[in-house]
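As structure tokens, the structure follows; a few thoughts come after it.
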Amino acid sequence: MDPTLEKIYHLSPQDIQQAEKHIMVGGGTPGPILFRGKGIRIEDIHGKSYIDCTSQSWAMYLGFANPEINRIVCQHLENISHIHQGFHSLPRLYLAKKLTDIAPKGIDRVSFAVGGGLAVEAAMKIALRNRPGAKCFITLWDAYHGSTFTASSMSWISTKANGKYTGQQHFIGKLEATVRVPNPYCYRCFFKQSPDTCDLACAEMLRETIIRGITGPAAGFILEPIQASAGQIPVPKRYLQRVREICDEFEVPLIFDEIQTYCRIGEWFAAQYYGVTPDIIAMGKGLGAGFPIAAILINKNMTGFGPHVEELHTFANNSVSQVAAAKQIDIIKRDDLLGNTRRMGKYFLRGLQDLQQEFPQMGDIRAVGLHIGVEYVKDPITRESDVQAAKDIRQEGLKQGVIFGLGGAHRNVLKIKPPLIIKQPEADEVLDKLKKSMRAVLG
Ligand SMILES: Cc1ncc(COP(=O)(O)O)c(C=O)c1O
């Protein structure tokens with residue numbers, strides 16, 4: 001083994017304690033120190049194994065140490081890794097064509113970025129480029145679009161939704177160009193409607209905001225088709241169709257933040273699931289099979305970036321990530337992982353609904369593909385959020401050997417978002433460990 005890697009792998013508990021003082025961790029739910037993984041399982045430094053229902057930031061679609069991804073990356077690394085953005089490279093050309101081939105009809109160009117937040121900002125730039133004079137973006141309550149300086153002002157972390165302002169309060173305020181409109185959070189509808197009485201008041205709020213709520217023309221409306229950080233809230237189809245009509249009426253660019261929905265919902269893109277095509281798509285996370293890469297895709301009618309430093313990042317042309325992303329698309333197609341995602345999503349949903357009979361504290365279960373959340377409440381009638389239960393169940397899950405995600409604007413949602421390769425026996429194991437965790441916490 002390489003001597004440096006040897007030293008890294010053998011840090012003592014004292015070394016770790018000492019080194020911890022030198023690192024700033026700006027966010028994220030804490031967990032064990034992870035060492036290695038295989039498939040859907042990951043091991044910590046003490047050798048304890050977990051099924052990872054977070055796919056590490058929801059990004060490891062093929063699980064850990066996928067041999068085909070490792071092979072293509074190692075083979076490619078023999079030739080080159082980092083390439084300046086101004087130079088074309090074969091992997092970038094190949095991946096751009098591949099992504100536009102699987103993208104919704106009418107989407108024909110790609111620009112690569114390093115991470116999701118930057119992709120969102122690139123999407124905003126394209127929207128501005130196509131809307132002269134516009135200064136104001138519209139986004140949804142409880143949205144999350146990243147923690148870069150600009151993207152954070154588009155996100156719920158810059159509101160008081162959580163009862164307090166997050167650390168982003170130190171950075172926001174420079175950009176006055178974001179207005180948020182009510183989200184279609186049907187379980188907690190702000191307009192006190194139920195799906196059968198709903199007249200899409202939240203969508204009409206968007207329309208009214210475009211007309212009366214902002215200064216100047218709207219630069220764009222950005223939304224996650226499934227609000228992930230907010231607590232796994234799928235936007236209803238009807239809502240999205242109405243939003244498309246409203247955006248068309250006022251020529252407002254519609255931007256889908258598909259950083260979490262790409263493939264995870266059992267289709268390449270949410271546009272295909274919903275039958276609604278946006279003007280711009282931002283993607284990231286799972287795109288690179290665990291390697292850092294993000295992108296925006298834009299409609300053929302839009303003006304794209306020009307070469308005069310409109311969008312330039314040192315590492316935006318990472319050819320290692322690009323070959324991994326291309327290989328992953330081939331594997332997803334060959335192994336029908338989108339089909340597996342749909343089937344396993346339905347399987348989880350049924351299993352969770354069965355558990356709900358025993359545990360009514362599972363107030364709402366929301367699943368589209370392997371984009372799954374369980375919202376815990378103290379009482380299914382009052383729907384009062386149970387933050388502690390969700391937190392304790394996640395903690396108990398760790399003891400049982402499963403890493404669940406935790407979050408939501410009300411901090412009471414347990415997230416189940418495993419790699420897309422998960423199989424039925426592994427899903428059964430997750431459901432069984434969840435049951436044990438709930439028995440331990442809820443009685
Ligand atoms: C929907 C969504 N958009 C944007 C981002 C930001 O991506 P990144 O963390 O890669 O900057 C995230 C990250 O969690 C996300 O979930």
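The values are calculated or read from the model by the stated rules, or taken from the named source; none is laboratory data. This is a predicted model, so every value here is computed, not measured. All Cβ positions, even for glycine, are placed from backbone atoms using ideal geometry, and neighbour counts span all protein chains on display. Heavy atoms of the whole protein, side chains included, go into the accessibility calculation; ligands, DNA and RNA do not. Shrake-Rupley method; radii C 1.70, N 1.55, O 1.52, S 1.80 Å.
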Query raised in the report: Of (1) of a type outside the set (A, V, I, L, M); (2) within 11 Å of the ligand (Cβ to nearest atom); (3) part of a loop (DSSP other than H, G, I, E, B), GLY286 satisfies all except one. Which?
Result: (3)
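Can you pull out every residue in region 1-30 that is of a type outside the set (D, E, K, R) and part of a helix (DSSP H, G or I)?
Within region 1-30, the subset of a type outside the set (D, E, K, R) is 1, 3-5, 8-14, 16-19, 22-30.
Within region 1-30, PRO3, THR4, LEU5, ILE8, TYR9, PRO13, GLN14, ILE16, GLN17, GLN18, ALA19 qualify.
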Query raised in the report: (1) more than 16 Å from the ligand (Cβ to nearest atom); (2) open to solvent by 10 Å² or more (accessible area, probe 1.4 Å); (3) over 30 Å from LEU431 (Cβ atoms): which one isn't true of TRP141, the others all being true?
Result: (1)
Query raised in the report: Just one of LEU352, LEU370, LEU406 is open to solvent by 20 Å² or more (accessible area, probe 1.4 Å), in the same structural domain as ASP428 (by TED's automatic domain parsing) and under 22 Å from the mean Cα position of the chain (by Cα); which is it?
Result: LEU406
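Could you go through region 98-111 and let me know if any residue there is within 24 Å of ALA59 (Cα to Cα) and within 16 Å of the ligand (Cβ to nearest atom). Full working, then the answer.
We begin by selecting, within region 98-111, every residue within 24 Å of ALA59 (Cα to Cα); these are 98-104, 107, 109-111.
After this cut, where a residue has to be within 16 Å of the ligand (Cβ to nearest atom) as well, the list is 111.
Yes, some residue in region 98-111 is within 24 Å of ALA59 (Cα to Cα) and within 16 Å of the ligand (Cβ to nearest atom).
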**Report entry** When residues of region 317-331 are limited to those that are surrounded by fewer than 23 Cβ atoms within 10 Å (Cβ to Cβ) and among the hydrophobic types (A, V, I, L, M, F, W, C), the one nearest to the chain's Cα centre (by Cα)
**Finding:** ILE329
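Of the residues GLU258, GLU251, only one is modelled with pLDDT of 95 or more, on the phi > 0 side of the Ramachandran plot and not aromatic (Phe, Trp, Tyr); which? Walk me through how you get there before you give the answer.
On the way: GLU258 fails: on the phi > 0 side of the Ramachandran plot.
When all the criteria are applied, what remains is GLU251.
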Query raised in the report: If you go through region 241-262, how many residues are outside any helix (DSSP H, G or I) and more than 14 Å from the ligand (Cβ to nearest atom)?
Result: 4
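This table checks each residue for (1) more than 12 Å from the ligand (Cβ to nearest atom); (2) modelled with pLDDT under 90; (3) surrounded by 19 or more Cβ atoms within 10 Å (Cβ to Cβ).
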| residue | (1), (2), (3) |
| --- | --- |
| VAL120 | no, no, yes |
| ASN130 | yes, no, yes |
| GLY133 | yes, yes, no |
| THR148 | no, yes, no |
| ALA151 | no, yes, yes |
Query - So SER57, is it of a type in the set (Gly, Ala, Ser) and assigned by TED's automatic domain parsing to the domain that holds VAL413 - result: yes
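Do we have LEU442 as open to solvent by 30 Å² or more (accessible area, probe 1.4 Å) and within 30 Å of GLN272 (Cβ to Cβ) here? Explain how you work it out, then say what you get.
Working: open to solvent by 30 Å² or more (accessible area, probe 1.4 Å): yes; within 30 Å of GLN272 (Cβ to Cβ): no.
Considered against the rule, which asks whether it is open to solvent by 30 Å² or more (accessible area, probe 1.4 Å) and within 30 Å of GLN272 (Cβ to Cβ), LEU442 comes out as no.
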Query - Within region 65-81, tally of residues that are closer than 17 Å to ILE42 by Cα and not in a helix (DSSP H, G or I) - result: 2
